[in-house]
1. Go through (1) in a strand (DSSP E or B); (2) closer than 19 Å to G490 by Cα; (3) of a type outside the set (S, T, Y) one by one and return the number of the condition P453 breaks.
2. Can you tell me which of F364, F412 is of a type in the set (F, W, Y), more than 12 Å from the chain's Cα centre (by Cα), part of a helix (DSSP H, G or I) and crowded, with 24+ Cβ neighbours inside 10 Å?
3. Restricting to segment 297-325, give me the number of residues that are modelled with pLDDT of 85 or more, surrounded by fewer than 19 Cβ atoms within 10 Å (Cβ to Cβ) and closer than 22 Å to R400 by Cα.
4. Restricting attention to segment 248-280, which residues are buried (at least 20 other Cβ atoms within 10 Å of the Cβ) and either among the acidic types (D, E) or at positive phi (or both)?
5. Working carefully through the options A601, A594, A575, A609, find the one that is at positive phi and among the hydrophobic types (A, V, I, L, M, F, W, C).
6. Checking A344 against (1) in the same structural domain as S396 (by TED's automatic domain parsing); (2) in contact with a Gly (Cβ under 7 Å, 6 or more places away or on another chain); (3) under 25 Å from G552 (Cα atoms): exactly one of these is not met. Which one?
7. Show the residue pairs meeting these rules: Cβ distance below 6 Å; 6+ apart or different chains; first residue within segment 31-60 and modelled with pLDDT of 75 or more; second residue part of a helix (DSSP H, G or I) and β-branched (V, I, T).
8. Which one of these is farther than 23 Å from I573 by Cα, touching a Lys or Arg at 6+ places or on another chain (Cβ under 9 Å) and modelled with pLDDT under 95: V522, V436?
Amino acid sequence: MVQNTPSNWKSRLRNFFLDLDARIDSSLFSSAKGIRELYERYSTFMDRFYVGRWKRWVFIEPLSEAATIGLGGMVLMLILAIPAFRETADEDWLKKSDLAVTFLDRYGNPIGSRGIKHNDSIPLEDFPDVLIKATLATEDRRFYDHFGIDIAGTARALVTNAQAGGVRQGGSSITQQLAKNLFLSNERTIERKINEAFLAVWLEWRLTKNEILKLYLDRAYMGGGTFGVDGAAHFYFNKSARDVTLAEAAMLAGLFKAPTKYAPHINLPAARARANVVLDNLVDAGFMTEGQVFGARRNPAFAVDRRDEASPNYYLDYAFDEMRKLVDTFPKSYTERVFVVRLAIDTNVQKAAEDAIENQLRQFGRDYHATQAATVVSDLDGGIRAMVGGRDYGASQFNRAVDAYRQPGSSFKPYVYTTALLNGFTPNSIVVDGPVCIGNWCPQNYGHSYSGPVTLTQAITRSINVVPVKLSIAIGQKEQPKAPNPAKIGRAKIVEVARRFGIKAPLPDTPSLPIGSDEVSVLEHAVAYATFPNRGKAVTPHAVLEVRTGAGDLVWRWDRDGPKPKQAIPANIAADMAGMMSHVVSEGTARRAALDGIPTAGKTGTTNAYRDAWFVGYTGNFTCAVWYGNDDYSPTNRMTGGSLPAQTWHDIMVAAHQGVEIREIPGVGMGQKLPREKIANAQANAAPKVLETKPGPPPVLTKRGADILVRVEKLLDDAAKTANKSAADDSAKPAKPTSSTSALAFPQNYAAEENANASTPRKN
């Protein structure tokens with residue numbers, strides 16, 4: 001057998017690839033020829049529809065651009081609507097909104113409620129006809145005609161608002177408002193409106209019109225901490241929604257627009273004026289005649305007087321939001337939606353905080369051109385003891401203590417000095433207070449002067465601006481000696497330390513960050529300062545202490561289930577900072593905040609153009625932040641942190657420390673009694689007022705007080721024995737008159753009396 005082998009395998013391989021190349025080239029040529037033929041056929045076909053000259057520019061081009069923009073807009077809206085789809089992913093989406101909470105204060109006393117109570121709801125057919133008509137005439141006249149979004153109503157609102165030059169009329173349908181109440185917040189953003197529109201269409205697809213209307217009437221917030229028209233009817237008129245008159249129905253229907261502003265127990269004239277608008281709407285919509293509403297105009301509704309039932313609404317709003325987030329962490333197998341929650345609030349401190357802000361604004365607000373204020377008082381474990389989110393909850397429900405971000409000014413500097421101490425500086429380290437520039441920015445001190453070499457303690461006491469900026473540069477140089485921009489590195493370290501303290505605000509990198517140009521919230525700022533008296537441990541702000549079911553079963557408890565404190569900075573650094581910040585109160589910019597016999601430390605803050613004024617301080621028991629300013633960021637009349645904020649802080653903390661054992665601040669000690677002349681001067685400079693507080697829990701007997709009481713009891717026993725033994729001898733001698741004032745009423749009085757008898761009397 002003869003085997004044939006190729007004479008040259010290279011030649012055969014070359015021929016193979018040449019053949020392959022030829023086939024590829026032929027295929028490409030054929031494909032290109034075919035594509036060209038198809039294109040020519042397509043062009044010939046489309047030429048039949050060619051529109052030229054003026055018709056093209058008048059019709060075709062605008063329609064094409066509109067189609068392109070519309071398609072892009074639809075894609076963008078779908079992207080923005082993703083959160084809306086996530087809200088409806090859970091089959092129990094309706095049940096999730098049925099949370100009902102009764103709130104108790106830290107001592108177990110009821111203070112308010114939030115959420116939906118199903119036992120207060122009634123069937124739709126039992127609602128009075130006048131109430132249904134008043135709601136539809138005012139909120140959505142075309143409710144039964146649209147698909148969830150009232151295009152005509154929205155267009156009408158846009159035209160009305162454009163003519164008025166502001167928001168005068170809302171265009172949201174009842175379905176859109178229900179979507180907002182069930183799934184979304186009250187923030188005015190484009191994203192929220194887009195989500196609201198998608199959710200409204202989704203609700204129309206899932207539910208009937210009557211079901212949507214029923215949910216709206218049951219879940220709308222009606223002011224006074226009530227949800228739903230039936231709950232509002234009981235709260236304002238002491239009757240069921242079944243029994244309301246036309247005048248009362250008009251007043252209830254008027255609450256949907258601004259429930260707190262038009263709440264009759266807060267502002268009855270405004271509520272009646274709004275009810276009159278609702279009656280006009282009934283006539284305009286053709287639901288009733290003028291003759292039918294005339295009686296309601298002549299005899300407007302009266303609300304139950306609940307002025308003595310003031311509720312800490314800003315605090316309860318914050319606590320309810322916290323509770324909703326907390327419920328989401330419970331196991332899905334847990335179906336309970338009605339809870340009794342004990343909060344960290346102290347009603348006496350809350351009342352003192354509200355009164356202090358109101359009194360200061362009433363007396364000095366006009367002079368300082370300040371219209372708003374906010375404060376948070378916190379325990380050292382992060383429990384919010386008091387919160388004031390604004391001057392008047394009825395006028396504005398915006399919580400400035402939680403949701404507003406304002407520049408902290410110099411009150412941000414403790415984070416800078418803490419970073420410096422963490423990087424080798426000490427309270428006695430010398431820094432030259434002199435000109436410094438970062439790029440084109442050159443910070444200036446208050447008064448446009450320099451002090452030369454100063455210690456860190458002196459710098460924070462005088463609130464010098466240049467020193468924190470120089471510290472940021474020095475920190476960066478120590479981290480990277482050859483870095484081209486050490487200030488940027490230093491600022492990054494400062495932000496890192498602020499994050500450890502619990503500051504969650506964005507804190508963008510700017511050259512002026514060390515002197516407080518970035519924005520923070522009052523709540524975060526107040527609780528972050530608790531790290532100093534906590535020996536460097538950062539805590540989490542919280543309002544909820546304990547959650548129980550309606551039957552009393554314990555579900556959640558902060559000390560057991562809440563996040564534990566984290567060591568943010570070493571204890572010695574916290575003590576050093578406390579010592580430095582105590583000088584701010586004793587001899588610096590916050591002398592008005594000094595408390596007699598209570599160790600105090602803190603920092604004032606004043607921003608550019610006097611737009612914000614702060615004082616954030618702490619004792620061994622509490623921490624507190626106070627902010628003053630204007631909602632429109634307009635400047636105040638040269639208000640500094642050492643004026644109204646420091647005075648307000650002082651008034652609040654005096655009330656907060658009543659009946660509690662005074663604790664020392666690590667690094668400061670127990671403080672000193674202020675000289676009487678300083679007390680007199682402080683009282684002269686302070687506002688001439690006395691805070692009135694409700695009776696609180698009984699005073700806490702300290703260990704020192706108990707020892708004194710034991711000594712007093714022993715002295716009384718010895719005195720009684722001595723008196724019985726020498727009664728016969730002493731009966732013949734004249735008795736020594738006793739003082740009408742007793743030093744034995746309270747242990748501290750006894751101690752004061754004992755010290756006074758043991759020392760030389762001093763002149764006042």
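1. The number of the failed condition is (2).
2. Testing whether each residue is of a type in the set (F, W, Y), more than 12 Å from the chain's Cα centre (by Cα), part of a helix (DSSP H, G or I) and crowded, with 24+ Cβ neighbours inside 10 Å leaves just F412.
3. 4
4. E248
5. Step by step, each of A601, A594, A575, A609 is checked, and only A609 is at positive phi and among the hydrophobic types (A, V, I, L, M, F, W, C).
6. Single failed check for A344: (1).
7. none
8. V436
The values are calculated or read from the model by the stated rules, or taken from the named source; none is laboratory data. Just so it is clear, the model here is predicted, and its values are computed rather than measured. Neighbour counts run over all protein chains shown; Cβ positions are idealised from the backbone, glycine included.
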